[in-house]
Amino acid sequence: MKAPVSWIREYVDLPAEVSTEALTDRLTALGLKLEGIVAAGAEIQGPLVVGRVLTKEPEPQKNGKVINWCTVDVGAANGTGEPQGIVCGAHNFEPGDLVVVVLPGGVLPGGFEISARKTYGHVSAGMICSAPELGLTGDGAGIIVLPPDAGRPGDDAFDLLGLGEEVVEFEINPDRAYALSLRGIAREAALGFDVPFRDPADRPLPDVDGKAWEVNVDDPVGCPVFAARLVSGFDPTRPTPEFMKHRVEQAGMRSISLAVDITNYVMLELGQPIHGYDADRVAGALGVRRAHDGERLATLDDTVRELSTEDLVITDDSGPIGLAGVMGGATTEMSATTTRILIEAAHWDAVSMFRTGKRHRLISEAGKRNERGVDPLLPGVAADRVVELLVQHGGAIAEPGFTLVGSAPERPTITIATELPARLSGIAISAMTTVEQLRAIGASVTEHEQGSIDVVPPTWRPDINAPYDLVEEVVRIVGYDQVPSVLPRRATGRGLTRTQRLRRRIGRVLSGAGCVEVISFPFVGEATFDRLGLPADDPLRKTIGLANPLSTEEPAYTTTLLPGLLEAAGRNVGRGAPGVALFETGTVAFPSDNGPAPIYGVHTRPSDAELEKLVEALPVQPQHLGVVLAGERTRAGWWGPGTTAGWSDALAVVRRLADDLGVTVDVAAAARMPWHPGRCAVITIEDVEIGHAGELHPNVCKAFGLPARSAAAEIDLDALMAAAVDVPPGPVFSTMPVAKEDVALVVDAGVPVTAVEAALREGAGDLLESVRLFDVYTGEQIGSGKKSLAFALRFRALDRTLTEAEAGAARDAAVAVAAERVGAVQR
Amino acid sequence: MSGPNTDYDPVEVAAVSPAEVEAARDAALAAIAAAADLEQLKAVRTQHAGDRSPLALANREIGALPPQARKEAGQRVGQARGAVSQALAKRQAELEAEHEARILVEESVDVTLPTDRDPVGARHPLTTGAELIADIFVAMGWEVAEGPVIEAEWLNFDALNLGPDHPARTMQDTFWTEPADNHIVLRTHTSPVQARTMLTRTPPIYVVCPGRVFRTDEYDATHSPMFHQVEGLAIDEGISMAHLKGTLDHFATSMFGEGITTRFRPSFFPFTEPSAEVDLICFVCRGSGLDDDRSGACRTCRGEGWIEWGGCGIVNPRVLQACGVDSSRYSGFAFGMGIDRTLMFRHGLEDLRALFEGDVRFTTAFGSEL
């Protein structure tokens, strides 16, 4: 809401020494947050004067443009009294018109200095100004043409145009609709400085006789109050007075015509939206009802709208002529020939207004106020004020008769303990202060003896309905800055949960493994899965769709973290990174197909069974871990060559994490997109699959712009965390000398190393401390289809030095089991 | 040559004469001193202390002397040999030390060579930032509560006093899952976690809820369809705005340093009443609104002296009611702020998108501080 300061001051006796900054600081502290203070044209330096156009000679130019060579009477302002010769490119004026002239020596906004200069074959001594050139709102289609009675040539135009006037913009919260008016802002200013407030709505009204126009309200819930007045003899050619035009424009609205400007001016002044009809185009009585199915209405914005049976409409004998409270209809619109004006000011049900505005995607100044709630006592007042202004400025005659249907809904009586504001704010607020401040906001307060009060909130505060609402009112006036700072002392938490601790640990392990964490958007589409090469029936393609995605390409919540990771990796590579290792932990989601989530009431807690149903309806949302490694893994340098990421690096990361968490994971060959079919491992914990790791399929590398052999892993982090060892047992190890035995075993090429290793462990028995594969050989010496695996076995006993014979026997036993289990032959 | 030379004429033996012995000793000592390295010293040792050295030969002659002359000659030769042997040992030690020192010198390297062999990992500043915040609250005895990102409409809106026609329901443009009448949304704030906590626990409740939230904002330098919030909730007997202020001041000071506290401005949120906006004293200009050389406006707060940080208030009794908390016995406060935004002004980030692009240069720049 934009409000000129001078307009605010009209209704409140603010001391002159209260600066605009002091005013806005106080209003911000009360809850009307300052957005900004502007003073349009404040930087203009004179001379800026009124001029009368004497002559206007159109002169076509070679470039096709037509300029006007004008002489303009600027009175004595130019020091000579002679007409001023000025070249003007605009055409929206005639000789005799009053215009705004900046004379040589003047400076316009942006430091634009005006001097007499030669142009189009003339010496142009000044400039005839348009609104934007002076920093004013309004269209720049032509120059400013002043009303004939605006002033005399040579008069200073600065004040006339309201230039340099401070306009304050406030952010108005949805609960303070009353502040979408000068009346409301001034009331807050009066409250803030404890000075008298002159209510512009406080005016005598004629008696209601129902004779202004016949009005039938069929839906008093949707329209509790409807006021109508009529004027005739209005002169549609009259311009809007300058002061009104400025104020309407300063408030951010467009000046359209006198009649429309007056309805907008009164809306700004009081907060009550008003609609004016061309009375000659209204057929018969006005009605208010909900729209019928299939009804349509052409609104003022030249849009034909299908109406819903929930929309409130205004009707005449022809059917709907307006979308009530939101926007008028085209058929009864005021025009340049309108002389009889039917004025409507009504109070509408805020929820209906909100729904209609939302349904028709219509945001209007009227709708904005009506959907937040307007003072229901205003309709008659606002209509009367419009009549007054139409008479005063439009030469209209007020027709007798005042129609006012319905009455303002009752305000609730709220009973609160007088100490409630003190208790909830922590400020020492006396009962007396509470009562005083509630009265100051316009509530009526009845005091009881037991320290409680009955409060009826003012009609313009539909947001106040419950005790805590009253607390906010008292506390904001006393001042939020008075709230003391006290720490609560009863928190007795037990630290992070197991899962929270594990997640931190996982992050540390992965970053310690040289991986960088990323956070990606979880939105995917079919094309995403195509890039991953997932088959058409892959379960990952069964996603939770979004009804209103930002992009139609990515209309679903993801089932895998890999797309985001691969894209991020591709981005890094594209930006010149020689290698990249990324990880992400995040939520993926799978449909539960457990039907809709119920909507419960809010007056009591849902039962445990109801809550369970709510939770069950939600998708399954496990935490996943994704890892991608591309390009250089360790760097080459003066120390020698580096290494390039490959399938084993992805597995290494997963194993390192599992080891840290004390979880034994098993690995077996698998074929699954997006991985290379021969270089993909399925990872299991006690035979339950938790994910995959390995080299990415070459097509996937290509699709994401990654170097060949890039590797990735994705695992179910919830499953891994569930298996994590919470309290690792203290290790037991021997300090006796170690006995080392190396063995080389030849097995079929298809035998997995883990199987050989398991056999060795089994055979070696308790003396075995560790077994580690240190070389793999394939070649002619051992024949095709075979491989030679070299293992280092380390034996050690807890209590003694092993003899050569003992170690040798254990080694032989290990080899024997390997021979039996996997056909290993010692070389 | 091992036995005495019996037919030798001792009178003729000049080798043991004092002059000869002295000369041999001096020659040996001079050669030892002149040995420049271990190699040379080895040769000197053979020449002057070896079996065929003059002094060794002289020593051998002693036995051939008449008994009365032996003692004197023995002493003379023995002293000379001892002196040579000592000098050899000393020089040997000196040369060995020199040799070792020279090897160390020869092994010196250019210590300015790069050492960036291993890949550097990092956690995301949003993760560590959320942990930093959580730790501040955990240190106060609060707990960290979490909930799902895909959430029931009732928990995201209704339970929080955001009814179907509440203006805030459109203010927070919501991602709805299909079909839309499934009443399941991507949560628009972490407040449903507060609702879940109240629904499943009994007061006193002190929880902080960090997490990922979604709104249908177009992606640009300051907006993102996905961002991160941290919200806090305290429900207890006698909770007031003073406790809210105390908690947020403590939070601000812990995160931004001594003297950095908050102020409240009246505001509106459906789930709180009274409601307030929380501003933070600008931790860069410390409230002055001026930049470093005090000539222009502070860039962090744009000259305001304050930074808008989040929203807060006393929990609306309607929320307590929907979540099964006895509002006649308990009151509570709640607050919420954006983690992304907090990091942006804490670190002077210009573009929100850097948080979600995954460029490792961005993430590693934070080290593990944050």
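The values are calculated or read from the model by the stated rules, or taken from the named source; none is laboratory data. Everything numeric in this text was worked out from a predicted model, so none of it was measured. As a convention, Cβ positions derive from the backbone with ideal geometry for all residues, glycine included, and neighbour counts pool all protein chains shown. Note: accessible area is taken over every heavy atom of the protein model, side chains too, but ligands, DNA and RNA are not part of it. Shrake-Rupley method; radii C 1.70, N 1.55, O 1.52, S 1.80 Å.
Results, tabulated for the structure shown:
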{"read-out": "Solvent-accessible area per residue, Å², over chain B with all protein chains present [probe radius 1.4 Å]", "value": "45 Å²"}
{"read-out": "At least 20 Å² accessible surface lost relative to isolated chain, residues of segment A:530-553 (1.4 Å probe)", "value": "A:Ile544, A:Gly545, A:Leu546, A:Ala547, A:Asn548, A:Leu550"}
{"read-out": "For B:Gly259, net neighbour charge (Lys/Arg +1, Asp/Glu -1) across residues whose Cβ lies under 13 Å away", "value": "-1"}
{"read-out": "Descending semi-axes in Å of segment A:215-406, equivalent ellipsoid built from Cα gyration tensor", "value": "24, 18, 16"}
{"read-out": "Burial of 40 Å² or greater, segment A:315-362 residues [accessible area, probe 1.4 Å, versus chain by itself]", "value": "A:Phe354"}
{"read-out": "Between 0 and 90°, nearest 10: helix B:191-200 axis offset from chain B longest Cα axis", "value": "80 degrees"}
{"read-out": "Inter-chain shielding of B:138-147 (mean C-beta neighbours from other protein chains, 10 Å cut-off)", "value": "5"}
{"read-out": "Relative contact order (%) - chain A, alpha-carbon pairs under 8 angstrom, separation at least six", "value": "8 percent"}
{"read-out": "Residues losing 10 Å² or more accessible surface upon assembly, segment A:629-646, compared with the chain by itself, 1.4 Å", "value": "A:Arg633, A:Thr634, A:Arg635, A:Trp638, A:Trp639"}
{"read-out": "Inter-chain Cβ neighbour average for residues B:232-241, partner chain, 10 Å", "value": "4"}
{"read-out": "Relative contact order of segment A:215-406, pairs being alpha-carbon contacts under 8 Å that are 6 or more residues apart, as %", "value": "36 percent"}
{"read-out": "Accessible area per residue in Å² at 1.4 Å probe, computed on segment A:545-592", "value": "30 Å²"}
{"read-out": "Residues of segment A:106-251: accessible area per residue with a 1.4 Å probe, Å²", "value": "44 Å²"}
{"read-out": "Average partner coverage of B:190-201, which counts Cβ from other chains inside 10 Å", "value": "1"}
{"read-out": "Semi-axis lengths (Å, descending) of the ellipsoid that matches the C-alpha gyration tensor of chain A", "value": "79, 37, 28"}
{"read-out": "Accessible carbon and sulfur surface of chain B relative to its total accessible area, %, 1.4 Å", "value": "50 percent"}
{"read-out": "Under 21 Å from B:Lys42, Cα to Cα: lysines that are on another chain or at least 8 residues apart", "value": "B:Lys90"}
{"read-out": "Summed residue charge, Cβ within 15 Å of B:Asn59's Cβ, Lys/Arg positive, Asp/Glu negative", "value": "+2"}
{"read-out": "Whole-percent carbon and sulfur share, accessible surface of segment A:414-479, 1.4 Å", "value": "53 percent"}
{"read-out": "Residue-averaged [θ]222 nm for the protein assembly as shown, counting only DSSP H segments that reach four residues, each worth -39500 (n - 2.57)", "value": "-9500 deg cm²/dmol"}
{"read-out": "Net charge of Cβ neighbours under 10 Å - reference A:Ala227; Lys, Arg +1; Asp, Glu -1", "value": "-1"}
{"read-out": "For the pair A and B, total buried accessible area rounded to nearest 100 Å², probe 1.4 Å", "value": "8400 Å²"}
{"read-out": "Subset of A:Lys65/A:Lys118; A:Lys56/A:Lys118; A:Lys245/A:Lys358; A:Lys56/A:Lys245; A:Lys33/A:Lys358 violating a 22 Å alpha-carbon distance limit", "value": "A:Lys245/A:Lys358; A:Lys56/A:Lys245; A:Lys33/A:Lys358"}
{"read-out": "Contact order normalised by residue count of segment A:12-145, Cα under 8 Å, 6+ apart, percent", "value": "22 percent"}
{"read-out": "Convex hull volume of segment A:48-146 per residue (C-alpha atoms, cubic angstrom)", "value": "97 Å³"}
{"read-out": "Average projected area [Cα convex hull, chain B], square nanometres", "value": "37.4 nm²"}
{"read-out": "Rg followed by Dmax, in Å, when segment A:717-827 is reduced to its Cα trace", "value": "16.4, 50"}
{"read-out": "Under DSSP loop assignment and at most 16 Cβ neighbours within 10 Å, longest trypsin sites (Lys or Arg not before Pro)-free interval of chain B", "value": "B:202-285"}
{"read-out": "Accessible surface of segment A:48-146 [probe 1.4 Å, protein heavy atoms]: carbon and sulfur percent", "value": "52 percent"}
